[in-house]
Structure formats: structure tokens, C-alpha cells
Amino acid sequence: MQTFETPGFSVGEFRETDTVRYFRTAWISDVHLGTRGSNAAALLEFLRDHEVSTLYIVGDLIDAWQLRRGIYWPQQHNDVIQKILRKSRKGTRIIYIPGNHDDLLGKFYGAYGNIQIQKHAIHRLADGRRMLVIHGHELDTVVQNVKWLAFAGDVGYQFLVSLNPAINCLRRRFGLGYWSLSAYVKKRVKDAVGFIGKFEAAVVRYAENYSVDAVLCGHIHSISIRRFGRVTYYNCGDWVETCSALVEREDGVIEAVNYYPSAALLGKGNFSAAVSGAGRERF
């Protein structure tokens with residue numbers, strides 16, 4: 001278990017008696033609807049269990065790259081879209097920041113009722129801190145400069161992700177919890193670990209241009225909260241490997257919430273970690 005110096009820490013578990021939780025803000029990223037690796041069921045449980053004033057979709061909600069290769073769109077993926085639209089109609093403010101897999105939405109920046117599509121956002125936390133919100137592909141040199149390699153890497157990644165359901169079906173037979181092969185391989189490859197570290201530092205350097213106290217992104221499917229000097233780096237994870245999101249309480253405390261697929265099948269979220277003022281944060 002890694003530990004990072006960050007703003008404050010607390011841990012809690014969901015219980016069967018828990019009802020809908022209310023938060024000021026939530027951030028989700030990298031759902032990759034349209035792929036077999038998308039854990040739409042887990043995301044639906046999260047959206048049902050949480051009500052928020054503002055929901056940020058931090059890119060790659062839909063995977064247009066994969067849909068160009070072949071159409072895969074089960075009912076649960078449609079249910080996610082309908083659930084988000086229903087929240088918007090009921091008053092939730094939706095801010096959609098396109099990523100590299102759904103960059104076609106960059107042609108439609110603007111307001112559509114309670115849904116705002118924009119390149120990036122500045123979010124004011126309840127404790128007064130200013131946070132830059134971006135998807136993060138802007139700082140990925142492979143995506144920006146060697147697109148054919150990015151597409152090739154995506155094909156290999158999707159293959160690893162496609163093996164996860166079969167592996168976890170077997171693990172459940174032996175009473176074992178959820179485990180992601182793709183996440184394991186990514187963490188074991190030294191180049192990938194080095195890339196994540198460089199990516200996080202690059203995002204923070206980019207955020208300094210906006211004179212903010214924090215920056216939040218997605219893109220690399222690696223949930224994290226770290227302090228780089230005076231800037232706090234947040235990554236809200238994904239709904240392929242970690243099934244995670246970040247939520248902001250009314251006092252400005254930010255919680256990291258995990259909804260692993262096996263837990264989602266039971267209708268339970270199974271872990272949350274909160275961060276605020278000063279202390280330690282763990283994942």
C-alpha cells in the first residue's frame with residue numbers, strides 16, 4: 001500500500017443500512033462506454049448511491065476509438081447515459097470535459113441546459129481552494145505526438161482488459177476479490193511506472209500556469225492524491241480497472257470512493273478514503 005503526503009485522511013466502509021449519500025461535487029473519468037472492459041454496472045451503483053450538486057465527467061465517458069473498430073453497446077451502457085441525463089433534468093449541474101477517446105465532443109463546446117461541455121474548468125472547493133480540472137491527455141506526449149503508437153497501445157490494453165471478466169469469474173469461485181490483470185501489468189512494467197510519475201509532475205507544472213491550489217485529471221487510470229509543493233494533484237481514477245471516483249463534501253473534504261465490480265453486483269460500494277487539511281493519504 002502506497003502512502004503519500006497529502007491534505008488529511010479518514011477511512012470508512014459502506015454498510016447494508018447505508019442510503020443515498022449527498023455531496024457537493026463528484027468527479028468521474030474514463031468510463032469507456034462502448035468497450036467490453038467498461039464496468040458500467042459499478043458506475044450505475046455509484047450514481048444511484050450518490051446525489052451531488054455538480055458532477056464532473058473528466059473525459060473518455062464514451063470510447064469512440066473502440067466504436068470505430070466495431071459496435072459494442074449493451075443496455076447497461078445506455079443506462080449510464082440515461083442516468084446522467086436524468087440527474088441533469090433533476091437539477092444536477094453536469095460539466096463534461098472531453099478526453100482523447102471522446103475528443104469529437106470538442107466540436108460542441110457550450111451549454112446545453114444543465115450540461116456544460118468545455119475544454120477545462122476551474123472549480124472552487126468549499127474551503128476556498130481553486131482547482132484546475134482537465135482530462136490529462138494534453139500532457140501525454142505519446143497521445144499528442146505519436147498517435148499511431150497511442151492507437152496501437154490501446155489495442156493491447158483492450159486485450160488485457162478483455163481478460164479481466166473471465167479471470168474474476170474464476171476468482172469468485174474460489175472466494176477471492178476483484179483483481180485487474182491490466183492494472184497489475186501496468187504497475188509491474190517499469191516504463192509505465194516511470195510514465196505515471198512524469199505525467200503527474202507534468203500535470204502539476206501545467207496547473208501552475210493557472211495559479212491554482214490543486215489540479216484534478218483522469219486519463220491514466222490510476223487514482224491518486226499527492227502533494228507537489230503547494231499544489232495538490234488529484235486523479236479520479238477510472239471505471240475499467242479501479243472503478244473509482246472522487247467526491248467533495250460540504251466542508252471541502254475530498255473522498256476517494258471505490259466500487260469494485262464484485263461489490264457492485266451486490267449493490268454495495270466497499271471503500272472510501274477522505275482528504276482535507278493536513279496529514280496523510282493512502283490508497
Report task. Heads up, I need the accessible area for Arg226: 1.4 angstrom probe, whole protein in place, Å², nearest 10. Result -> 70 Å²
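So, by mean Cβ neighbours within 10 angstrom, what's the order for 75-88, 25-38 with the highest one leading? Write out the running numbers ahead of the final one.
Values: 75-88: 15.3, 25-38: 25.1.
Ranked from most to least packed, the peptides come out as 25-38, 75-88.
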Requested in this report: Report the accessible area of Tyr112, computed with a 1.4 Å probe over the heavy atoms of all protein chains in place, in Å² rounded to the nearest 10.
Outcome: 110 Å²
Requested in this report: Show the residues, 5+ positions off or on another chain, whose built amide H is closer than 5 Å to the amide H of Cys243.
Outcome: Asp238
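Starting from the Cα gyration tensor of segment 82-140, take the square roots of the eigenvalues, sort them a ≥ b ≥ c, and report rounded, prolate or oblate (rounded when a/c is under 1.5, otherwise prolate if a/b is larger than b/c, else oblate). List each step's numbers first, then the result.
Details: a/c = 2.11, a/b = 1.07, b/c = 1.98.
It comes out oblate by the Cα gyration axes.
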**Report entry** Solvent-accessible surface (1.4 angstrom probe) belonging to Phe228, in square angstrom, nearest 10
**Finding:** 50 Å²
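Sort Asp127, Asp63 by heavy-atom solvent-accessible area, probe 1.4 angstrom, most to least.
Values: Asp127 80, Asp63 0 Å².
Largest accessible area first, the residues go Asp127, Asp63.
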Query raised in the report: Given labels modelled 7 Å from the Cα in the Cβ direction, how far is it in nm from Lys107 to Lys83?
Result: 2.9 nm
Report summary line: Charge tally for neighbours of Val253 with beta carbon under 10 Å away, counting Lys, Arg as +1 and Asp, Glu as -1, is -3
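Taking a 1.4 Å probe, which of Phe174, Phe23 shows the most accessible area, and what order do the others take after it?
Working: Phe174 155, Phe23 10 Å².
Highest to lowest solvent-accessible surface, that is Phe174, Phe23.
Protein chains only, probe 1.4 Å: how do Arg227, Arg124, Arg130 rank by accessible area, largest first? Please list the in-between numbers first.
Values: Arg227 105, Arg124 130, Arg130 70 Å².
Sorted descending by solvent-accessible area, the residues read Arg124, Arg227, Arg130.
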Query raised in the report: Long-range amide H contacts for Thr232: which residues qualify at under 5 Å (H placed 1.01 Å from N, peptide plane, sequence gap of 5 or more or a different chain)?
Result: Ala214, Val215
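The values are calculated or read from the model by the stated rules, or taken from the named source; none is laboratory data. Every value quoted in this text rests on a predicted model; they were computed, and no experiment measured them. No Cβ is skipped: glycine too gets one built from the backbone with ideal geometry, and neighbour counts run over all protein chains shown. Calculation scope for accessible area: heavy atoms of the full protein, side chains included, ligands and nucleic acids excluded. Shrake-Rupley method; radii C 1.70, N 1.55, O 1.52, S 1.80 Å.
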